[in-house]
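What follows is a short report on a single structure.
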Amino acid sequence: MRLEQDRSLWNRNQIAEGISLTESALRSRRFDAYTLQAAIAVVHNGSSSTASTDWREITLLYDRLLRIHPSPVVELNRAVAIAMCQGPEQGLIDDLLARGHLSRYHLAHSARADLCRRLGRIPEARASYEKALALAQQEPGRRFLARRLEELK
């Protein structure tokens, strides 16, 4: 789940500095998981919208990150990136949730809800948004999820 953001409010000077530092780290060829996470952020920051984001590049970066820092959250983020570039049917995360590691992670349920919504599977989307809302603890995320639930009615 990504909260809706107004990218025009982002600090372009700080973004430029982050891009420069990340590019230097990548050129060194001695980078770690943090460098790959920064590279993913650079790709996000380099686009003006979610739709214009280079999701194929983000998927490739998550592939590398998964090799050096495997985790259920990295797998989830990779699945979302795949869904964004190949379509929502390619990114369903039911198998990740079934393994249990992400069952209490509200963002996993929110991601599943969004993919189900995009596929027109509204009852499943509603159930996943409700689960995500029950698990979410921060108020901005809770408002976002409640708004998404309301949109399904």
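What to note about this one:
- Hey, Gly87 surrounded by fewer than 16 Cβ atoms within 10 Å (Cβ to Cβ) and over 30 Å from Ser128 (Cβ atoms) or not: no
- Selection from region 131-152 of residues that are surrounded by fewer than 17 Cβ atoms within 10 Å (Cβ to Cβ), closer than 21 Å to Leu96 by Cα and of a type in the set (D, E, K, R): none
- Just one of the listed residues (Asp63, Asp54) is within 18 Å of Glu23 (Cα to Cα) and either open to solvent by 80 Å² or more (accessible area, probe 1.4 Å) or among the charged types (D, E, K, R) (or both), and it is Asp54.
- One residue from Ser71, Ser103, Ser128 being hydroxyl-bearing (Ser, Thr, Tyr) and surrounded by 15 or more Cβ atoms within 10 Å (Cβ to Cβ): Ser128
- For Ser110, the requirement of being under 27 Å from Ser8 (Cα atoms), open to solvent by less than 50 Å² (accessible area, probe 1.4 Å) and modelled with pLDDT under 95 is not met.
- For Leu36, the test of being surrounded by 13 or more Cβ atoms within 10 Å (Cβ to Cβ), over 14 Å from the mean Cα position of the chain (by Cα) and in contact (Cβ under 8 Å) with a residue 24 or more places away in the chain is passed.
- On the stretch given as region 90-100, residues that are crowded, with 21+ Cβ neighbours inside 10 Å and either in contact with a strand residue (DSSP E or B) (Cβ under 9 Å, 6 or more places away or on another chain) or assigned to a helix (DSSP H, G or I) (or both) total 1.
- Taken over region 1-51, residues that are of a type in the set (Asp, Glu) and closer than 27 Å to His109 by Cβ amount to 2.
- Pairs where the first residue, in region 10-24, is within 14 Å of Ser48 (Cα to Cα) and the second is part of a helix (DSSP H, G or I), C-beta under 8 Å, 6+ apart: Trp10/Asn45; Ile15/Asn45
- Output for region 1-40, where each listed residue is modelled with pLDDT of 85 or more and hydroxyl-bearing (Ser, Thr, Tyr): Ser20, Thr22, Ser24, Ser28, Tyr34, Thr35
- Residue match in region 105-123 (condition: in a loop (DSSP other than H, G, I, E, B), under 12 Å from Leu76 (Cα atoms) and of a type outside the set (Asp, Glu)): yes
The values are calculated or read from the model by the stated rules, or taken from the named source; none is laboratory data. Being a predicted model, the structure only gives us computed values, none of them experimental. Here Cβ is always computed from backbone atoms with ideal geometry, including for glycine, and neighbour counts include all displayed protein chains. Note: accessible area is taken over every heavy atom of the protein model, side chains too, but ligands, DNA and RNA are not part of it. Shrake-Rupley method; radii C 1.70, N 1.55, O 1.52, S 1.80 Å.
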